[in-house]
1. Return only the number of the condition from (1) without any contact (Cβ under 8 Å) to a residue 60 or more places away in the chain; (2) buried (at least 16 other Cβ atoms within 10 Å of the Cβ); (3) touching a strand residue (DSSP E or B) at 6+ places or on another chain (Cβ under 8 Å); (4) under 30 Å from T337 (Cα atoms) that V68 does not satisfy.
2. Looking at A208, A236 in this structure, which one is assigned by TED's automatic domain parsing to the domain that holds Q274 and within 16 Å of the ligand (Cβ to nearest atom)?
3. Going residue by residue through the range 130-152, is there one that turns out to be at pLDDT below 85 and more than 11 Å from the chain's Cα centre (by Cα)?
4. Taking the condition of being free of Cβ contacts under 8 Å to residues at least 12 places away in the same chain and farther than 26 Å from D90 by Cα, how many residues in the range 5-28 meet it?
5. Quick one: Q167 ticks every box in (1) touching a Gly at 6+ places or on another chain (Cβ under 9 Å); (2) part of a loop (DSSP other than H, G, I, E, B); (3) away from the ligand (no atom under 12 Å from the Cβ) except a single one, so which number is it?
6. Under 18 Å from A91 (Cα atoms) and part of a loop (DSSP other than H, G, I, E, B): does that describe G31?
7. Show the residue pairs that are 6+ apart or on different chains and have beta-carbon atoms under 6 Å apart, the first residue being within the range 113-136 and without any contact (Cβ under 8 Å) to a residue 40 or more places away in the chain, the second being within 9 Å of the ligand (Cβ to nearest atom) and outside any helix (DSSP H, G or I).
Amino acid sequence: MSRPIPTEEAVRSALATVIDPELRRPITELGMLDTVSIRDRAVHIRVLLTIAGCPLRDTIMQDADAAVSAVDGVDRVEVELGVMDQQQRDALKDQLKGEGGRRGIPFNDPGSLTRVYAVASGKGGVGKSSVTVNLAVAMAAQGLRVGIVDADVYGFSVPALMGITQQPTRVDELILPPVAHGVKVISIGMFVEGNQPISWRGPMLHRALEQFLTEVYFGDLDVLFLDLPPGTGDIAISVAQLLPSSELLVVTTPQSAAADVAERAGAMAAQTGQGVAGVIENMSWLELPDGGRLELFGAGGGAALADRLSATLGLDIPLLGSIPLDIALREGGDTGTPLVLGAGASRSRGELLAIASALTRRPRGLEGLRLNVSPR
Ligand code: ADP
């Protein structure tokens, strides 16, 4: 049987499987496929990049080449790269912002189905960022569309924990976040030179966060995590104002003093009207070679915090899990490969995966809030 001559239709439908790495949509839907020409078994395609210096040009080119090469009857593929003109870019931006060029924070749209979790802690160093990245990566591995906003302005660490060195791409005023382990990540750390400390004041922080939420293109997300700075500072208040439907996840160690300060972070929710999705205890104990547990930071802080928040807020705030100390968790952070991605059973990975599943199953936003009324 003779091989078929490839058709333009077959080539176009093969290219519909090529996903733009940043926008996470098929290039054919984004106006990036300019022309397809076929001569005998040689296919020439022209793909338009959003901007000239697109950092992912090689990936797009290789993916397009591979997709067309796999079409039945194709012997030779040539991928030519071009760049969108202003009109084409404007059309793309309009498409991304939704019909009519929506403004404002997309997660506040009445129809938004994105669950927004603001991860808070009373003080630094309790593992808030490590927990955030592991939960996000675990959810992405389950097939959810996940984003992280690293709003820990003084101690931004999410890019390093995720192994991201790439900068966001700017398409005019639209910012495309880098993607790592299936998660879209934007961090204040991506906008400062080197590793400079930041000494911004409240209004500037509020503006920066607002800009992240309006100008960064996350697309449709199932879950957005915000990694907050420790404490009850300006950013936590800004988050409550900018994303009123966000819910807090409070991370603490088992130490009672740590749980006390975390309670202030959680109790702020009562003032701002934010929901609290639950408490996560981290660094709960160290597993000893004989199977025993060394409770380095004491015990019971997470459960005590959940109880106290339940009493303060008049709602049932669950302790979602207790994550032991684990060298592999720290190493995963140091190498930019979150622990949940590894293989093998460990208690800490098991807890993180279980918390991620519990958060995924929870009904979102208001549906999950139990009101203080009982039927008569
Ligand atoms: P925070 O965001 O609260 O400041 P980080 O997530 O940056 O805290 O964690 C602080 C340090 O503790 C990091 O070096 C991290 O790798 C380590 N760490 C966090 N949780 C654990 C854990 N369960 N076991 C071992 N090391 C941990």
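The values are calculated or read from the model by the stated rules, or taken from the named source; none is laboratory data. Given the structure is predicted, the values throughout are model-derived calculations rather than measurements. Counting neighbours? That spans all protein chains shown, and the Cβs are built from the backbone with ideal geometry, glycine included.
1. (4)
2. Working: A208 fails: within 16 Å of the ligand (Cβ to nearest atom).
None of the others qualify; the one that does is A236.
3. Filtering the range 130-152 for residues at pLDDT below 85 gives 152.
Those left that are additionally more than 11 Å from the chain's Cα centre (by Cα): 152.
Scanning the range 130-152 turns up at least one residue that is at pLDDT below 85 and more than 11 Å from the chain's Cα centre (by Cα).
4. First, pick out the residues of the range 5-28 that are free of Cβ contacts under 8 Å to residues at least 12 places away in the same chain: 9, 13, 26.
In the following step, the residues that additionally are farther than 26 Å from D90 by Cα were identified as 9.
Total meeting the criteria: 1.
5. It is condition (1) that Q167 fails.
6. Values: under 18 Å from A91 (Cα atoms): yes; part of a loop (DSSP other than H, G, I, E, B): yes.
Here the answer is yes, as G31 does meet what is asked.
7. none
Results for (1) surrounded by 13 or more Cβ atoms within 10 Å (Cβ to Cβ); (2) at pLDDT below 95; (3) of a type in the set (S, T, Y), shown as yes or no for each residue.
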{"residue": "D307", "(1), (2), (3)": "yes, yes, no"}
{"residue": "S310", "(1), (2), (3)": "yes, yes, yes"}
{"residue": "L313", "(1), (2), (3)": "yes, yes, no"}
{"residue": "I327", "(1), (2), (3)": "no, yes, no"}
{"residue": "G342", "(1), (2), (3)": "yes, yes, no"}
{"residue": "L371", "(1), (2), (3)": "no, yes, no"}
